[in-house]
Amino acid sequence: MNITQALPRGIGVDPQAMMRYIDDRPNDGIFQVHRDVFIDRDLFERELAYVFGRTWNFLGFESQIPKPHDFFTGHIARTPVLVTRGGDKQIRAFFNVCRHKGAMLCNVEQGMARVHVCPYHAWSYDSTGANVSIKDHAAGDYPKGFESEDHNLKPLGAVASYKGLVFGSISPDVPLLEDFLGDTKFFVDLVMDQGPHGMEPIPGRALYTFRGNWKLQLENGMDTYHLTTTHLSFLNIQSDRRRGGGNQEVRKSNVAGNMGIKTSTFTFPHGHGVLTLENEDPTIRPIYSQLDQLRARVGKTKADWTTARSFNATIFPNMNLSQNYALILRVARPISVDLTEMTSYCLGAIGESRAQRALRLREFEDFFNASGLATPDDSLMYERCQDGLTNAGGPPWLQGYARGMNELKPGGNDWTNEISARPLQNWMGTFKAGPEVMLHEPYREWQRLMDTGLRGERAYP
Amino acid sequence: MPAVKKKSRPTPPAARSAQSRGAPSLPARKSSPEALRDLLDAGRDLIESEAMYLDERRWDDWLALYTEKCEYWVPTWRMDGTLTTSHDEELSHIYYSNRAGLAERVSRLTSRWSPASSPVPRTCHIVANIRFIGAPSQDRMQLRSSWVTHALYIRQRQTYAFFGSAEYELASVSGKWLIARKKVVLKNDYIPSMIDVNCL
Ligand SMILES: [Fe+2]
């Protein structure tokens, strides 16, 4: 295949060029990422095509569309997507684009509609995506060629769900979703099995942007090293709470005082990475009071991991699932090379008590909101990184991927054995070590997808 | 600090017409136009003081406007475009049932250890359309306002405007009006990086 055919317009062709962006020499103790990965506009356009266009992306929750004809909209990077449950109860995902003039068909985030009518010329589609009306069709003097064309909504290449999480892919050439998720399924299960009737995103929209590249969030999603600097004001507030001051309605955890707690990272095929650590106080989790029921339902190991461990999991490329201050699912959506939109969902058990839900909410709001006490400090650091990275002529290689490399081991360890997971690599140590090694696989997968895209090869042979 | 210009404000039409009819100057009754005007003035003074204290970063003065058991709530909007109605069942931008939560905000804003708050954005609060909600009493009143806060995020060299409406429940405590409850409706909830109490 001619490589130029696979490239977005206006982008130069240099199949060897990709090698310049990740300096991956484990035997020399070197792993570096080139700053252009965060700032280069051409590279960003390739990312949209070769990474976001050719792998699974999180779209939303099945619980958003429980009934026939329910729908929600979203994006894969800049591509608008419509997800529907048809009258046949099947979930489908489409490009949210009218076939007539290309207008975004549905601009409501969530709702119920048997028919989606484009407000421009009233072309209409049912909840299975079938075109049910071309306005004044008979009077339209349409030629045979037009009549023989397909006027239905164009489906995404693939759509599938796992444990209530709906994923889609623009390209049909992707592995089965469960194979893509692999052993990260354990962490999805940990979260999504906590409610006896399932889990749901708690109503209320938490949407914000930061003026930085999406990968800054990907990295931060598993970064413990920054906690004692970036979040020092939050840690001080927490120590004050432990002394009985401040807002006593939220938790008083003491991460900074427990820098020795056992911490481990795992990486999995397809670019996923996980950071796990001991939870200093299992009783603090809203689920703790129902631990016995949970053990009976999902088994002791899984149940105990919901309270005795914290984790931050990155589902490549841009989804983060965490169990720490709250249960949070976040998506970092790239809009441009230096603008990212964040959607955060606070997850709660369907049908849980008001008190339990209130506790989850207060913890989530305390830390994760764009109006919280911690997340804004992260977002502002991403912006500061973007500003620093953009300086031409500065040091091209970033040195933020080496912590933990001496202790990086192939395969699993005690913790992955507990959960029968088979990681590519693991690292085990203390929280204070602030490992960075779980970022290697996401970047290797990023490079692999970019390379195969550039060369016009299949993403998943 | 600038003196509170209670007297310079135009007299509400209702009160003016009462005066023009030559109504006798009686001690203000609970529902007399004069009493209502005085209450509204007191409420407006409090709301404008809050705006000014935040703009001038007089954090302790700002906190002192709230009762210890105050409720401070900034609800989020649902995906369907309606405002959330239950802070215990739906997500809020901020929810506190006590002033200690607000005090924590202040400690963060002034700590120099928060990258998002160093330096604290420069703000200009504009409040208007201050009206009663329901009938006030001598020691309790509810008010609504419309507000705009312009903010310069200094390091980012970005200027944003946040806007919305707010509901206040004011309580008279030892002869001083304080905020017992504030609900802020943030209408532009597509948030650029961050927002804190000083920008609401
Ligand atoms: Fe952070």
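The values are calculated or read from the model by the stated rules, or taken from the named source; none is laboratory data. No experiment lies behind these values; they were computed from the predicted model shown. Positions of Cβ are generated from backbone atoms using ideal geometry, with glycine treated the same way; all protein chains shown enter the neighbour counts.
Only one residue in A:235, A:218 is surrounded by 23 or more Cβ atoms within 10 Å (Cβ to Cβ), in a helix (DSSP H, G or I) and on the phi < 0 side of the Ramachandran plot, so which one is that? Sole residue among the options that is surrounded by 23 or more Cβ atoms within 10 Å (Cβ to Cβ), in a helix (DSSP H, G or I) and on the phi < 0 side of the Ramachandran plot: A:218. More than 22 Å from residue A:190 (Cβ to Cβ), in contact (Cβ under 8 Å) with a residue 60 or more places away in the chain and of a type outside the set (Lys, Arg): does that describe residue A:331? Here the answer is no, as residue A:331 does not meet what is asked. Just to verify a result, which residue in region A:34-84, among those that are in a strand (DSSP E or B) and among the small types (Gly, Ala, Ser), is surrounded by the fewest Cβ atoms within 10 Å (Cβ to Cβ)? It comes out as A:74.
This table checks each residue for (1) surrounded by fewer than 16 Cβ atoms within 10 Å (Cβ to Cβ); (2) in contact with a helix residue (DSSP H, G or I) (Cβ under 6 Å, 6 or more places away or on another chain); (3) not in a loop (DSSP other than H, G, I, E, B).
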site: A:88; (1), (2), (3): yes, no, no
site: A:92; (1), (2), (3): no, no, yes
site: A:102; (1), (2), (3): yes, no, no
site: A:119; (1), (2), (3): yes, no, no
site: A:136; (1), (2), (3): yes, no, no
site: A:146; (1), (2), (3): yes, no, yes
site: A:149; (1), (2), (3): yes, no, no
site: A:153; (1), (2), (3): no, no, no
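One residue alone among B:154, B:195, B:191 is farther than 18 Å from residue B:48 by Cβ, within 13 Å of chain A (Cβ to nearest Cβ), of a type in the set (A, V, I, L, M, F, W, C) and surrounded by fewer than 14 Cβ atoms within 10 Å (Cβ to Cβ), and that residue is B:154. Within region A:194-217, the presence of at least one residue that is of a type outside the set (A, V, I, L, M, F, W, C), over 27 Å from residue B:81 (Cα atoms), touching a Leu at 6+ places or on another chain (Cβ under 9 Å) and modelled with pLDDT of 95 or more is confirmed.
Of the residues contained in region A:288-302, none is found to be touching a Leu at 6+ places or on another chain (Cβ under 8 Å) and either in a loop (DSSP other than H, G, I, E, B) or within 16 Å of the ligand (Cβ to nearest atom) (or both).
Taking the criterion of being among the small types (Gly, Ala, Ser) and either in a helix (DSSP H, G or I) or within 7 Å of chain A (Cβ to nearest Cβ) (or both), the residues of region B:91-120 that qualify are B:92, B:97, B:100, B:101, B:103, B:107, B:111, B:114, B:116, B:117. When residue A:352 is tested against (1) within 15 Å of the ligand (Cβ to nearest atom); (2) more than 22 Å from the chain's Cα centre (by Cα); (3) of a type outside the set (Val, Ile, Thr), exactly one condition is not met: (1). Selection within region A:217-271: residues that are out of contact with any Gly (no Cβ under 8 Å at 6 or more places or on another chain) and among the β-branched types (Val, Ile, Thr). The member of this set that is nearest to the ligand (Cβ to nearest atom) is A:230. Among residues of region A:372-385 that are facing chain B (nearest Cβ under 8 Å) and touching a residue at least 24 places away in the same chain (Cβ under 8 Å), those with a Cβ under 8 angstrom from a residue that is among the polar types (S, T, N, Q) and within 11 Å of the ligand (Cβ to nearest atom), sequence gap 6+ or separate chain, pair up as A:377/A:230; A:381/A:220; A:381/A:230. Of the helices (runs of 4 or more DSSP H) lying entirely inside region A:357-461, those carrying at least 3 residues that are within 16 Å of the ligand (Cβ to nearest atom) are A:375-389.
Scanning region A:339-349 for residues that are closer than 18 Å to residue A:324 by Cβ and away from the ligand (no atom under 14 Å from the Cβ), which turns out surrounded by the fewest Cβ atoms within 10 Å (Cβ to Cβ)? So the residue we want is A:349. For region B:62-99, give me each residue that is without any contact (Cβ under 8 Å) to a residue 12 or more places away in the chain and not small (Gly, Ala, Ser). Once the filter is applied, which keeps residues that are without any contact (Cβ under 8 Å) to a residue 12 or more places away in the chain and not small (Gly, Ala, Ser), region B:62-99 yields B:79, B:80, B:82, B:84, B:85, B:88, B:89. Filtering region A:155-169 to residues that are polar (S, T, N, Q) and surrounded by 20 or more Cβ atoms within 10 Å (Cβ to Cβ) leaves only A:169. Every condition in (1) out of contact with any helix residue (DSSP H, G or I) (no Cβ under 6 Å at 6 or more places or on another chain); (2) within 27 Å of residue A:336 (Cα to Cα); (3) modelled with pLDDT of 95 or more is met by residue A:31 except one, and the failing one is (1). Selection of region A:207-216 for residues being within 10 Å of chain B (Cβ to nearest Cβ) and either within 16 Å of the ligand (Cβ to nearest atom) or β-branched (Val, Ile, Thr) (or both) yields A:208, A:209, A:210, A:212. Inspect all residues belonging to region A:175-183 and state whether any of them is at pLDDT below 95, more than 16 Å from the ligand (Cβ to nearest atom) and small (Gly, Ala, Ser). The answer is no; no qualifying residue exists.
Run residue A:317 past the list (1) closer than 24 Å to residue A:365 by Cβ; (2) touching a residue at least 40 places away in the same chain (Cβ under 8 Å); (3) more than 16 Å from the ligand (Cβ to nearest atom) and report the number of the one that doesn't hold. Looking at each condition in turn, residue A:317 falls short on (1). Residues in region A:119-171 that are among the hydroxyl-bearing types (Ser, Thr, Tyr) and over 30 Å from the mean Cα position of the chain (by Cα): A:120, A:124, A:133, A:142, A:148.
Residues in region A:261-287 that are assigned to a helix (DSSP H, G or I) and of a type in the set (A, V, I, L, M, F, W, C): A:284, A:287. Scanning region B:123-143 for residues that are over 27 Å from residue B:159 (Cβ atoms), under 15 Å from the mean Cα position of the chain (by Cα) and not β-branched (Val, Ile, Thr) yields B:131, B:132, B:141, B:142, B:143.
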